[in-house]
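The values are calculated or read from the model by the stated rules, or taken from the named source; none is laboratory data. Since this is a predicted model, take the numbers as computed values, not measurements. FYI the Cβ positions are ideal-geometry reconstructions off the backbone, even for glycines, and counts take in every protein chain you see.
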2 protein chains.
Amino acid sequence: MKYILGIDVGGTNIKVGIADYKFKLYKFFSLPVEEFSNPSRAISRILILLDELNKYNFFALGFGLPGLINYRKGYIHYLVNLKGWKNVYWRKILEKETGIRTFLDNDVNLAALGEYFLGAGKGSKNMLMVTLGTGVGGGLILNGKIYRGSTYSAGEIGHFPLKASGSRCSCGGVACLESYIGNKKLMRIINTRSFYIKSQLLSRIKRKKGKLTLEDITLAGRKGDTLAIEFWEDVAHKLGQILTGVVNLLDVDRIIIGGGVANAGQLLFVPLRKFIKKRVMKLQGRDVKISKAGLREKAGVLGACILAYHGLKGRQI
Amino acid sequence: MKYILGIDVGGTNIKVGIADYKFKLYKFFSLPVEEFSNPSRAISRILILLDELNKYNFFALGFGLPGLINYRKGYIHYLVNLKGWKNVYWRKILEKETGIRTFLDNDVNLAALGEYFLGAGKGSKNMLMVTLGTGVGGGLILNGKIYRGSTYSAGEIGHFPLKASGSRCSCGGVACLESYIGNKKLMRIINTRSFYIKSQLLSRIKRKKGKLTLEDITLAGRKGDTLAIEFWEDVAHKLGQILTGVVNLLDVDRIIIGGGVANAGQLLFVPLRKFIKKRVMKLQGRDVKISKAGLREKAGVLGACILAYHGLKGRQI
């Protein structure tokens, strides 16, 4: 039987999966990200891995990488948080070392691809995936393919400006969505006295734990805490403003939301869907579905396997 | 020799052009829009036209139409401002009546296509065309093809919200770009006493002519009138806010701006380019070019011919 090895390099760990040509996962496990601190360490680790897994007949390797990737050339311009990876012809190097066809792309693009074929995006034609975490990222699948843009940098929904003026974002922009609903900003809001003081429940948790987490807010919201409910509504409305515009502009039929912040669940999704339905244009909005990501931590690995599979067949996806 | 007849149906008139397979125009003229008030009148007129032009050997007809078009089926759902055109299988009808292969798409999509291949979009990979007129419309060419979206309604850049709250737009949305920089709104602003009173020059013109036009503001701006210059800067900043987000999200390398309002020229383009360069993400913004549309009133007809040409070759574009 023929297998693909999918590797998804994240900020804190590396996820590895073995899939067949129908994308059934046979193994799924993690490695510490340090093992990929630079290309030569990564190659050693991959060679060991292939040796350990030698009962699988690998026809392709697929990589999801957090940075700027030229998919066509199999080239890494740089990786965020992994400094040893500037300007690396990863495909060329790896194919030489392993003798196995290699394909790579940006990690968010591949998570979107995974969701599109196997997760919450199944059956859609045009889709946006949004990841809500420390950063607010995005991946676009248009007409069945990853949309990469002119410099392989498309998808930066987190840097769509919410208004004319506001705080300067680390990207150089002003009033970017991410600077309002990124994890860091949300943590700062909920741990500000003028915020939690308005809820007895949250004040009590803050006193007990020293620091409030987004999960605390979610649990409080589920118990009916008004402040917590309004907090998530506010996040939903800010996100909804930009997503309304994206649906009007791109006429996508599916929006998938993943990342830790999406764990707020219905507290986030109910006001978000309501907001978008109310404001979006009639035709574009009629059938648009806003769903939670379905593949969780496996999306990236599965996306990498899908990319590699189509790559083997000579199809750009 | 082989020719294509391109027909671009606009709000006030119909533009007709005859092109060869290299898109050289042999004739270009207008008809009153009333001649296309409904499908049967349009068919009669087209048959007469083909008769008059019978020295040209037409291999295809291309149509740009202001409404919702299913390009794949050659089907018109409806046209804006032309009520007799609900649910018409235009391709099927016309091919039967004329014996000539027929292709159709939305007019803004085809204007964008024309600019992409023959105008200000030449050499770009991914491009947004914005038309600034009564409405603020848009057409996207991504990876060399018209991007149509899931319901054939993509491109509505005019209905991207500028902020969280604001006036309700005719589309049902709130604070849409169009409701700030659409022609109607701009005309209302410049003819408001509290506006023009701040400029001696504009007050004088208003007194003399009764009504200020956008061209008056542009001429005043060229003479150095501060109020006029600031007026166009304000339009540029509002448009620039959304375009900054679009460049970050879609990583387009070209933005083409057409429509009457774009005639403000440098008064609009200089602050617009400056605003976007300052706020956009580094990589996406590095090579992005903001250009004025180059084909003017011929863009739609040429786009219709390009669509038909590729359609004849069996390629979806």
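Can you report the number of residues in the stretch B:228-256 which are under 21 Å from the mean Cα position of the chain (by Cα) and farther than 19 Å from B:Cys176 by Cβ? If you could, list the steps in order and put the result at the bottom.
From the stretch B:228-256, those under 21 Å from the mean Cα position of the chain (by Cα) are B:232, B:235-247, B:250-256; that's our starting set.
Next, from what is left, pick out any that are farther than 19 Å from B:Cys176 by Cβ: B:232, B:247, B:251-254, B:256.
Residues in the stretch B:228-256 being under 21 Å from the mean Cα position of the chain (by Cα) and farther than 19 Å from B:Cys176 by Cβ: 7 in total.
Taken over the stretch B:101-119, the criterion of being among the aliphatic types (A, V, I, L, M) and surrounded by fewer than 24 Cβ atoms within 10 Å (Cβ to Cβ) is satisfied by B:Leu118 alone. All of (1) hydrophobic (A, V, I, L, M, F, W, C); (2) out of contact with any His (no Cβ under 8 Å at 6 or more places or on another chain); (3) within 14 Å of chain B (Cβ to nearest Cβ); (4) closer than 30 Å to A:Gly11 by Cα hold for A:Leu177 with one exception: (2).
Residue pairs whose Cβ atoms lie under 9 Å apart, separated by 6 or more positions or on different chains, with the first residue in the stretch A:142-154 and part of a loop (DSSP other than H, G, I, E, B) and the second surrounded by fewer than 21 Cβ atoms within 10 Å (Cβ to Cβ) and among the hydroxyl-bearing types (Ser, Thr, Tyr), are A:Arg148/A:Tyr71; A:Tyr152/A:Tyr71.
In the stretch B:245-295, which residues are polar (S, T, N, Q) and either within 14 Å of another protein chain (Cβ to nearest Cβ) or touching a strand residue (DSSP E or B) at 6+ places or on another chain (Cβ under 6 Å) (or both)? Across the stretch B:245-295, the qualifying residues are B:Asn248, B:Gln284, B:Ser291. For the stretch A:231-244, filtered to residues that are in contact with a Lys or Arg (Cβ under 9 Å, 6 or more places away or on another chain) and within 11 Å of chain B (Cβ to nearest Cβ), the residue that is surrounded by the fewest Cβ atoms within 10 Å (Cβ to Cβ) is A:Gly240.
Across the stretch B:120-164, the qualifying residues are those that are on the phi > 0 side of the Ramachandran plot and more than 9 Å from chain A (Cβ to nearest Cβ), and the one among them that is surrounded by the most Cβ atoms within 10 Å (Cβ to Cβ) is B:Gly144. The set of residues in the stretch A:14-71 that are basic (Lys, Arg) and either touching a helix residue (DSSP H, G or I) at 6+ places or on another chain (Cβ under 9 Å) or in contact (Cβ under 8 Å) with a residue 12 or more places away in the chain (or both) comprises A:Lys15, A:Lys27, A:Arg41, A:Arg45.
Of the residues in the stretch A:218-230, at least one is away from every other protein chain (no Cβ under 14 Å), farther than 18 Å from A:Lys274 by Cβ, surrounded by fewer than 24 Cβ atoms within 10 Å (Cβ to Cβ) and free of Cβ contacts under 8 Å to residues at least 12 places away in the same chain.
The rows are residues; the columns are (1) of a type in the set (Gly, Ala, Ser); (2) over 18 Å from the mean Cα position of the chain (by Cα).
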position: B:Gly158; (1), (2): yes, no
position: B:Lys163; (1), (2): no, yes
position: B:Val174; (1), (2): no, yes
position: B:Glu178; (1), (2): no, no
position: B:Lys184; (1), (2): no, no
position: B:Met187; (1), (2): no, yes
position: B:Ile190; (1), (2): no, yes
position: B:Ser194; (1), (2): yes, yes
position: B:Ile197; (1), (2): no, yes
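Is it the case that the stretch B:79-88 has a residue that's surrounded by fewer than 24 Cβ atoms within 10 Å (Cβ to Cβ) and either within 30 Å of A:Leu162 (Cβ to Cβ) or not assigned by TED's automatic domain parsing to the domain that holds B:Glu34 (or both)? Within the stretch B:79-88, none of the residues are surrounded by fewer than 24 Cβ atoms within 10 Å (Cβ to Cβ) and either within 30 Å of A:Leu162 (Cβ to Cβ) or not assigned by TED's automatic domain parsing to the domain that holds B:Glu34 (or both).
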